[in-house]
2 protein chains.
Amino acid sequence: MSEQLPVSERSQLRRIPSRASYDRALAHAILDVGLICHVGFATGTDVFVIPMAYARQGDQLLLHGSVASRLAKSLAGGVRLSVCVTLMDGLVLARSVFEHSMNYRSVVCFGHATAITDPTFKAAALRDLTEHLIPGRWEDARQPNTREIQATTVLAMPLQEISIKTRAGPPEDLQKDMELPYWAGVLPLQLRTAAAIPDPALAAHTPLPSYVSDYARPGQRSRL
Amino acid sequence: MSEQLPVSERSQLRRIPSRASYDRALAHAILDVGLICHVGFATGTDVFVIPMAYARQGDQLLLHGSVASRLAKSLAGGVRLSVCVTLMDGLVLARSVFEHSMNYRSVVCFGHATAITDPTFKAAALRDLTEHLIPGRWEDARQPNTREIQATTVLAMPLQEISIKTRAGPPEDLQKDMELPYWAGVLPLQLRTAAAIPDPALAAHTPLPSYVSDYARPGQRSRL
C-alpha cells in the first residue's frame, strides 16, 4: 500500500468519502499528467483564482510567473494558497438527470509557497517546469540566461496537505430507473494534440522533433 | 464593437495588457465552450479551489452541488468567490525557453453567489446545467423530481466583474534568437471525445443518441 498523507481539517473530504484519497503516489501521478493548475489565494477581502503552469519536483510543487505580476508578488509574500489540478476523464450519462456526473481525477494542495532565489536551484526549477510541459525541450532550446532567470519568480510549495478526489466507471442509477429506455454510459474525454503548426518565421527544412510529433501526456495516446 | 464590461480594481489585468479583454461577448463564448470551472473561496484563514460543473444562463453563471456539501453551504452563504474557466489551446514552443508559453482563453469572474430556491427557476437551472455539458440530454433522460430538486443547491452569480485573458498565435522570440536552429511553433491542444462506453447494465440494442456520437463543444470538431 502506498504512503498515505496526513489529513487536516481543511483537506478532509466530507462528501462521498469513497471518492476521496490521500495517497501520495496517486497525487503525484495526477500532478504529472496535468498541464496547468488553478491557484487560489486571498488578498484582504478578495479571492483570486488564476491558471498557472506548474511542475512537480519530488515532494514539492513548482509554480512560476513574471517577477512583475501581482500574483507572483502575493504568492512569494507567503500568502496562503490552494492549488488544484483537475483531469477530466469523461461525461457520465445516467438514466436520470440527477445521477449524471463526470469522471475525473483532481488534486487540491493547501499551504503556502516560498520563492526559490538560489540561481542554481532556480535554473533546475525552470528546467523541471519546461520538461513537465514538453519533455525533451530543455536540451533542445536556448536555455535561460542570468537576466531571464532573474526576471522569473519561481515558487515552491510542499505537497503535504492534499486532497484527492476521483470518479471512474459507469453511471450509478437508482434501481427503479434501470428499466428506463434512455442510453446510459460514459463519453470519454481526453486532451489531445493536433498536428504541430510551425512558426511562419521558421527556417525551411527545420525538422520537427520527435518529442513534438509523438507528444503525449503520461499514460495517454499521443495523437488526435 | 461588442459591449465592454466595467473594469474594477480586482478585475484589472496588469501584466501584458495586450492579452487582456473585458468584452462581454468574448467572455460568454469562452464560458460556453468550457466544461468545468474552478471556484475559489475563502473561509476564515483558509482558501479553497474546487472544480465544479457550471453553465451560463444569460448574464449569470450557474453552479451546482449537493445541499450537504461544505462548498455549497459556504457559497450559498454569500461568501466572496472567484470562478475561473480556462481553455487550453496549445503549447507554444519558442527558440528560447524563456519565451515558451501557452495558447489559452481564460475568464475569471468575481463576485458572490446566491442560491436559487424557487422550484421552477431551479428546474430551469438544472436543465441549463445539463444542456451545457450534454446538449440534447435533458429531454432524453428522466428529469429530476421534487425530492431531487430539493437535494441540489443551485447557485447563481452575476457575470458582471470579469477579466478575460487570451493568447493565440506563434511564439515571439527575441530577434537575436531567430537564427537559432531549434524548431519553433505551436502544438495545438483540444479536449476531445473517444468512443462512448455503454453502461454494462444497458439493455441490448439501446441506440446511441446522435448527441453522444456527434458530441462536440461549440466551434470544435466532434471526434478523436
Original post:
What stretch of chain A, leaving out the sites themselves, is the longest with no GluC sites (Glu not before Pro) in a DSSP loop having at most 14 other Cβ atoms within 10 Å?
Top reply: A:10-171
Original post:
Which whole-number percent gives the relative contact order of region A:1-65, counting Cα pairs below 8 Å spaced six or more residues apart?
Top reply: 22
Original post:
Which whole-number percent is the relative contact order of chain B (Cα, under 8 Å, 6+ apart)?
Top reply: 25
Original post:
Which of A:D23, B:D214 comes first, and how do the rest follow, when ranked by fewest Cβ neighbours within 10 Å?
Top reply: B:D214, A:D23
Original post:
Tell me, in nm to one decimal, what length is gained between A:Q160 and A:H112 on full extension, where the rule is 0.36 nm per residue of separation less the Cα-Cα distance?
Top reply: 16.2 nm
**OP:** Pick out, from A:F110, A:P198, A:V212, the residue whose Cα sits farthest towards the positive end of the charge dipole of region A:110-224, with +1 on the Cβ of Lys and Arg and -1 on the Cβ of Asp and Glu.
**Re:** A:P198
Subject >> Cα-based shape type of region B:71-123, given that a ≥ b ≥ c are square roots of the gyration tensor eigenvalues and the cut on a/c is 1.5 >> reply: prolate
Original post:
Could you work out the helix-only [θ] at 222 nm for chain A, with each DSSP H run of four or more residues adding -39,500 (n - 2.57) and the total divided by the number of residues, to the nearest 500 deg cm²/dmol?
Top reply: -5000 deg cm²/dmol
Original post:
Rounded if a/c is under 1.5, else prolate if a/b beats b/c, else oblate: with a ≥ b ≥ c from the C-alpha gyration tensor eigenvalues square-rooted, which is the protein assembly as shown?
Top reply: prolate
**OP:** List the residues whose amide H sits under 5 Å from the amide H of A:D23, counting only those 5 or more places along or on another chain, with H placed 1.01 Å from N in the peptide plane.
**Re:** A:L5
**OP:** Can you grab the distance from the C-alpha centre of region A:145-181 to the C-alpha centre of region A:1-52, Å, no decimals?
**Re:** 7
Original post:
For label points placed 7 Å from Cα toward Cβ, what is the shortest-first list of nm distances from A:G78 to its copies?
Top reply: 3.4
Subject >> Computed over region B:107-224: relative contact order in percent, which uses C-alpha pairs under 8 Å that are six or more apart >> reply: 30
Original post:
What are the distances, in nm and sorted shortest first, from the label point of B:L180 to the label points of the same position in each other copy, with each label point placed 7 Å from Cα along the Cα-to-Cβ direction?
Top reply: 5.6
Subject >> Copies compared at A:E139 - label distances in nm, ascending, label defined 7 Å from Cα in the Cβ direction >> reply: 5.8
Original post:
Under a point spin-label approximation (7 Å from Cα along Cα-to-Cβ), what is the A:Q143-B:V33 distance to one decimal in nm?
Top reply: 3.6
Original post:
If you add up the charges near B:G34, with Lys and Arg at +1 and Asp and Glu at -1, over every other residue whose beta carbon is less than 13 angstrom from its beta carbon, what do you get?
Top reply: +1
Original post:
Within a Cβ distance under 14 Å of B:Q57, other residues only, what is the Lys/Arg minus Asp/Glu net charge?
Top reply: -2
Subject >> Signed unit charges on C-beta, dipole axis of region A:1-140, positive-most listed residue A:G78, A:L129, A:V97 >> reply: A:V97
Original post:
Taking other Cβ within 10 Å of each residue's Cβ, how do B:V47, B:V108, B:V39 sort, fewest first?
Top reply: B:V47, B:V108, B:V39
Original post:
From the Cα gyration tensor of chain A, with a ≥ b ≥ c the square roots of its eigenvalues, which class applies: rounded if a/c is under 1.5, or else prolate if a/b is larger than b/c, or else oblate?
Top reply: oblate
**OP:** For region B:82-139 and region A:61-124, compute the distance between their C-alpha centroids and round to whole Å.
**Re:** 16
Subject >> Computed magnitude of the charge dipole of region A:77-224 (debye, nearest 20; Cβ of K, R +1, Cβ of D, E -1) >> reply: 180
Original post:
Assuming R0 = 56 Å, what is the FRET efficiency of A:A216 and A:K176, from their Cβ-Cβ distance, to the nearest 0.05?
Top reply: 0.85
Subject >> Net charge over other residues, Cβ less than 12 angstrom from the Cβ of B:K176 (K, R count +1; D, E count -1) >> reply: -2
Original post:
Once phi is turned into θ = phi - 60°, what whole-Hz ³J(HN,Hα) does the Karplus curve with 6.51, -1.76 and 1.60 give for every residue of region B:55-60, x standing for Gly and Pro?
Top reply: 8, 9, 10, x, 9, 9
Original post:
Taking neighbour Cβ counts within 10 Å as the exposure measure, how do B:T146, B:T206, B:T152, B:T86 sort from fewest upward?
Top reply: B:T146, B:T206, B:T152, B:T86
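Every read-out reported here was derived from the displayed coordinates using simple, explicitly stated rules and does not represent laboratory data. These numbers come from a predicted model, not from an experiment. Virtual Cβ from ideal backbone geometry, glycine too; neighbours counted across all protein chains shown.
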